[in-house]
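Read the structure below first, then the notes.
The values are calculated or read from the model by the stated rules, or taken from the named source; none is laboratory data. What you see is a predicted model, and the numbers here were worked out from it, not measured in a lab. FYI the Cβ positions are ideal-geometry reconstructions off the backbone, even for glycines, and counts take in every protein chain you see. These area figures cover heavy atoms from the full protein model, side chains too; ligands, DNA and RNA do not enter into them. Shrake-Rupley method; radii C 1.70, N 1.55, O 1.52, S 1.80 Å.
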Amino acid sequence: MKKTKNGNTFLTGALILTAGGVLAKVLGAVYRIPLTNLLGSYAIGLYQLVFPLYTLLITVSMGFCVAVSRTIAREKRLHGCEDCGKILRCALIALGGIGAALSLALFLFAKPIATLQGNESIADGYRILSPAVLFVCLTGALRGYFQGQMKMQPTAVSQVAEQLAKLVLGLTFAKIFLPDEVRAVNGAILAVTLSEIISLAVFGIYFAVDKKGQKKAIKTDGVMQSKEIYATLFKAALPVTCAGVLAPLSQLIDSALILKLLTGDATRLYGIWSGAVHSLFVMPVTLSAGIGAAILPDVSGNVAVGDMDGINKKVNTAFKLNNVIVMPCVTGFLFLSAPIVKLLYGGLPQEDLFVAARLLSAVSVGTLLLCYSGTFNSVLQGAGKEYVSLLFVTLSIVVRTVTNAILLQNQKVGIFAIAFSTILCYLVSVICSIVYLRKKVGIKLDLWSTFTKPLAACLALVAVILSARLLAGGLLETSVGTLAVIGFGAVVYGVAVVALKVFEGLLPTIAKKLKHGGKKYAGTCTD
């Protein structure tokens with residue numbers, strides 16, 4: 001793998017983002033678990049109701065982040081990053097204007113949106129959250145700027161800082177305003193807005209560190225005209241933004257379908273899914289999300305110089321890392337759903353714990369499919385196939401929505417419709433991506449090394465779990481026993497990964513990259 005002058009490559013970036021993602025997710029779990037126990041199923045349902053639309057609005061920043069990252073990666077590979085500063089400046093102007101408009105719209109139309117959604121008590125939550133849209137948009141431009149140069153430390157640090165702020169402020173505000181559930185929810189939402197300000201501040205600090213490099217770059221005219229940069233960014237961001245919009249839009253539709261079609265206490269059941277189950281469902285994917293973020297600009301750079309061998313190596317490495325991280329989590333969700341849910345959400349009523357455990361087990365395989373889908377989308381976007389990615393995402397979302405609309409009305413299926421539709425949604429996306437990338441792009445996956453070996457290592461983990469159930473069933477009834485089984489299983493899984501030589505030939509590279517990645521952050525956009 002070709003190095004840049006500051007020693008950053010795809011593997012270094014993936015490792016840094018994965019480490020940051022792990023720590024951020026741990027903090028997020030530490031926050032979400034006590035918050036769910038503190039607020040209860042109904043209030044956490046209110047809390048979750050505002051985020052599908054919020055996520056929908058901030059998706060524009062994700063699209064531009066991808067566009068900036070890809071454009072800067074290509075520019076750096078071809079021309080030594082002469083126009084990186086101007087690209088960032090144009091991105092900040094564009095995203096600043098869009099973010100301000102969206103923030104204002106969310107504030108002004110908060111009450112009609114809440115009424116349409118079926119619960120007017122969340123209107124103030126939308127108003128409190130509205131400024132965060134602008135902050136996220138500005139952060140997206142800076143994130144794309146650094147990631148396009150394969151400098152992943154700012155992203156990793158900002159993720160951790162954001163989650164830490166949310167943890168401290170969210171729990172503090174929620175406790176202050178309880179027992180008033182609505183005010184407690186609004187306090188937790190305020191913490192989200194403040195955490196986004198902190199995340200933006202982290203990127204600002206990193207940018208200000210190298211005054212001679214980064215600030216000088218912003219004033220450099222380069223060779224590209226501003227109109228050309230805006231056209232390039234909007235052209236690349238549009239399909240990515242549209243694809244990104246579909247996911248939160250689907251969640252928004254899901255929440256409406258559940259509240260309208262589901263019999264019984266729909267808000268409570270939605271709170272169980274969105275608060276307890278979904279946070280666990282996406283946790284492994286969040287841990288591996290750095291891999292997709294790291295591979296996108298690297299694939300873009302390789303495409304620019306026609307390095308197909310480099311693309312294939314990095315794609316296989318990405319999927320191998322994904323499988324090693326996500327497969328054991330899926331195994332745990334499948335075989336230990338009840339002990340895990342009881343361990344993390346013991347403050348919920350027994351009936352809610354039972355439903356959450358069954359939901360987690362039912363949707364567990366979807367976690368791996370979601371991970372694959374995200375990585376394939378990053379590869380497609382990095383290869384300049386954004387509209388193909390958009391097509392596959394659209395198709396999968398349609399399948400999900402139709403499945404939910406049909407199954408939620410079936411009383412025998414009930415809330416489990418969301419699990420079935422989720423699995424089917426990402427299965428469609430993965431199958432379409434595999435077929436297209438193989439036939440049209442020429443990407444070849446090494447099934448034995450990339451998939452079979454990690455799966456074999458998971459069988460050792462399954463043996464540990466089944467042995468615990470058969471020989472000491474009561475062990476999993478206690479928190480200490482559950483943690484002991486998980487810990488011992490993790491050790492056995494790690495030994496199996498080493499014994500099966502899953503990372504044969506890669507460990508020396510990882511060690512070398514970690515050594516480089518551990519050095520003090522340095523470098524400019526012109527290095």
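Take Thr267, Thr59 and sort them by solvent-accessible surface of the protein heavy atoms, 1.4 Å probe, largest at the top.
Sorted descending by solvent-accessible area, the residues read Thr267, Thr59.
Quantify, in whole percent, the carbon and sulfur part of the accessible surface of the chain (1.4 Å probe; protein heavy atoms only).
Answer for the chain is 68 percent, counting heavy atoms of protein chains only.
Could you calculate the FRET efficiency of Val30 with Ala463 from 1/(1 + (r/R0)^6), where r is the beta carbon distance between them and R0 is 35 Å, rounded to 0.05?
Efficiency, from the Cβ-Cβ distance: 0.70.
With a 1.4 Å probe and every protein chain left in place, work out the accessible area per residue of the chain in Å², rounded to a whole number. Before the final figure, lay out each step's value.
Values: 21590 Å² over 527 residues.
With the other protein chains kept in place, the chain gives 41 Å² per residue.
Work out from phi, with θ = phi - 60° and the Karplus expression 6.51 cos²θ - 1.76 cosθ + 1.60, the ³J(HN,Hα) of each residue of the stretch 404-414, listed in order in whole Hz, and give x for Gly and Pro.
Those phi angles translate into 5, 4, 7, 7, 5, 7, 7, 5, 6, 8, x Hz.
In the stretch 34-76, which residues have a backbone nitrogen under 13 Å from the label point lying 7 Å from Ser121's Cα in the Cα-to-Cβ direction?
Of the residues in the stretch 34-76, 39-49 have backbone N under 13 Å from the label point off Ser121.
Which order do peptides 392-399, 61-68 fall in by mean Cβ count within 10 Å, highest first?
61-68, 392-399
With each label point set 7 Å from Cα along the Cα-Cβ vector, what nm distance links Asp309 and Lys501?
2.2 nm
May I ask you to evaluate 6.51 cos²θ - 1.76 cosθ + 1.60, the Karplus curve with θ = phi - 60°, for each residue of the stretch 109-114 and list the ³J(HN,Hα) values in order in whole Hz, giving x for glycine and proline?
In residue order, the calculated couplings are 9, 4, 5, x, 5, 5 Hz.
Need one number: convex hull volume per residue for the stretch 73-198, Cα atoms only, in Å³.
Taking the convex hull of the Cα positions in the stretch 73-198, it is 98 Å³ per residue.
In sequence order, what are the phi-derived ³J(HN,Hα) couplings for the stretch 119-132 according to the Karplus relation 6.51 cos²θ - 1.76 cosθ + 1.60 with θ = phi - 60°, rounded to whole Hz, with x for glycine and proline?
Along the stretch 119-132, the couplings run 8, 5, 5, 9, 4, 5, x, 5, 5, 5, 7, 4, x, 4 Hz.
Do any trypsin sites (Lys or Arg not before Pro) in the stretch 362-420 lie in a loop, going by DSSP, with at most 12 other beta-carbon atoms within 10 Å of their beta carbon, and if so which?
Passing both the DSSP loop test and the Cβ count: Lys412.
Using helices alone, I'd like the mean residue ellipticity at 222 nm for the chain: each DSSP H run of four-plus residues gives -39500 (n - 2.57), total over residue count, nearest 500.
-27500 deg cm²/dmol
Could you work out how much longer the chain between Asp265 and Lys235 gets when fully extended? Use 0.36 nm per residue separation minus the Cα distance between them, nm to one decimal.
Length difference between fully extended and current span is 6.4 nm.
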